[in-house]
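Everything below concerns the one structure shown next.
The values are calculated or read from the model by the stated rules, or taken from the named source; none is laboratory data. Everything numeric in this text was worked out from a predicted model, so none of it was measured. Note that each Cβ is placed from the backbone with ideal geometry, even for glycine, and that neighbours are counted across all protein chains shown.
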Amino acid sequence: MRILVCVKRVPAPGARIKVTQDGQSIETAHLGFTTSPHEECAVEAAVQLAEAEGGTVTVLTVGPPEAEEQLRYAASVGANEIILVPLGNDDPLESWDPQRTANALGSAIGDIEADSGPFDLVLFGNESADSGGYQVGIRVARQLGRPMVNGAKGIDVDGDMITVRRAVDNGFEVFRLPSPSVVGVKEGINLPRYPTMKGRLASKKVDLATVEANGAPGGQTMMHLSPPQETESDTQMLGEGAESVEDMAVEVVDLLEEIGLL
């Protein structure tokens, strides 16, 4: 079984994001980067399927040269092949809308499959952690002419059929897709493994392939980025030390009455 996982390099979740003065990008000087969490789960799902069914896992990303870090990480947890679709010179990822990204991925996947045959399964994250557009996987599936289910919380393979479970209120929706197909994985489908020292050392020996596929520009234009308004919260200390327990109890009761809970 041949599985392809498309991932994205994103700022580490929880990082303080600062927008540049022109409102066209974010300050990256002091940011840490990682693989988008949904896609990290997609890599783990692919490795688990390859271990259970036999096969290989290829991980691909569109990004700057620094995205090799995320590809090497994927190799350290079980990916067999890693591929970078490099950005053009002076071509920041912020200028790529979902259409252009999907065009580049569709073109790159087409070129790879023309050389080595179709992937049985192509995995995406449900959405990226930075832009959260929910579009790229669906657009690529349409370009490839393959069925696609997003929001997967379970994936099983039975011969040429792929069963996908998607969580809904009080249960799951179950889909049966013929291979080859595309699935968007939702965070929580599994608990991604940590790389071992052996895996990290082995990842340094994996060849990094590159596929040129800039992608036709899409129809969306990013006007500007605006940071969210920061909110402040005050903390009120009702007392300190064992000697003030009774006083604190009285103040707690007064506070609960003040906010209408008593």
In contact with a Pro (Cβ under 9 Å, 6 or more places away or on another chain), surrounded by fewer than 23 Cβ atoms within 10 Å (Cβ to Cβ) and β-branched (Val, Ile, Thr): is that true of residue 19 in this structure? yes
Out of 43, 47, which single residue is touching a Phe, Trp or Tyr at 6+ places or on another chain (Cβ under 9 Å), at pLDDT 95 or above and not in a strand (DSSP E or B)? 43
It is to be established whether one or more residues within region 87-96 are assigned by TED's automatic domain parsing to the domain that holds residue 141, crowded, with 20+ Cβ neighbours inside 10 Å and farther than 27 Å from residue 193 by Cβ. yes
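Look through 172, 124 and report the one residue that is among the aromatic types (Phe, Trp, Tyr), more than 20 Å from residue 53 (Cα to Cα) and either not assigned by TED's automatic domain parsing to the domain that holds residue 191 or not in a loop (DSSP other than H, G, I, E, B) (or both). It would help to see each step written out before you state the result.
On the way: 124 fails: more than 20 Å from residue 53 (Cα to Cα).
None of the others qualify; the one that does is 172.
Among the residues of region 22-33, how many are exposed (fewer than 14 other Cβ atoms within 10 Å of the Cβ) and touching a strand residue (DSSP E or B) at 6+ places or on another chain (Cβ under 9 Å)? Even if it seems obvious, please write down each step before you answer.
Residues of region 22-33 exposed (fewer than 14 other Cβ atoms within 10 Å of the Cβ): 22-23, 27, 29-30, 32.
Retained after the next criterion (residues that are touching a strand residue (DSSP E or B) at 6+ places or on another chain (Cβ under 9 Å)): 27, 32.
Residues in region 22-33 being exposed (fewer than 14 other Cβ atoms within 10 Å of the Cβ) and touching a strand residue (DSSP E or B) at 6+ places or on another chain (Cβ under 9 Å): 2 in total.
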Only one of 75, 102, 50, 46 is over 24 Å from residue 135 (Cβ atoms) and surrounded by 21 or more Cβ atoms within 10 Å (Cβ to Cβ), namely 75
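Among the residues of region 127-165, count how many are part of a strand (DSSP E or B) and in contact (Cβ under 8 Å) with a residue 12 or more places away in the chain. Break it down into steps so the answer makes sense when it comes.
Step one: of region 127-165, the residues part of a strand (DSSP E or B) are 148-158, 161-165.
Next, from what is left, pick out any that are in contact (Cβ under 8 Å) with a residue 12 or more places away in the chain: 148-155, 157, 161-165.
Here the count works out to 14.
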Looking at region 105-121, which of its residues are crowded, with 16+ Cβ neighbours inside 10 Å, of a type in the set (A, V, I, L, M, F, W, C) and not in a loop (DSSP other than H, G, I, E, B)? 105, 108, 109, 112, 121
Filter result (among the charged types (D, E, K, R) and either under 26 Å from residue 148 (Cα atoms) or surrounded by 14 or more Cβ atoms within 10 Å (Cβ to Cβ) (or both)) within region 178-225: 186, 187, 193, 200, 212
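Only one of 109, 155, 82 is over 15 Å from residue 39 (Cβ atoms), in contact with a helix residue (DSSP H, G or I) (Cβ under 8 Å, 6 or more places away or on another chain) and either modelled with pLDDT of 95 or more or assigned by TED's automatic domain parsing to the domain that holds residue 195 (or both). Can you tell me which?
Numbers: 155 fails: over 15 Å from residue 39 (Cβ atoms); 82 fails: over 15 Å from residue 39 (Cβ atoms).
None of the other options fit; the residue is 109.
Checking the conditions here, which among 12, 67 is buried (at least 18 other Cβ atoms within 10 Å of the Cβ) and either within 23 Å of residue 197 (Cα to Cα) or at pLDDT 95 or above (or both)? Please lay out each step first, then the result.
Numbers: 12 fails: buried (at least 18 other Cβ atoms within 10 Å of the Cβ).
It is 67.
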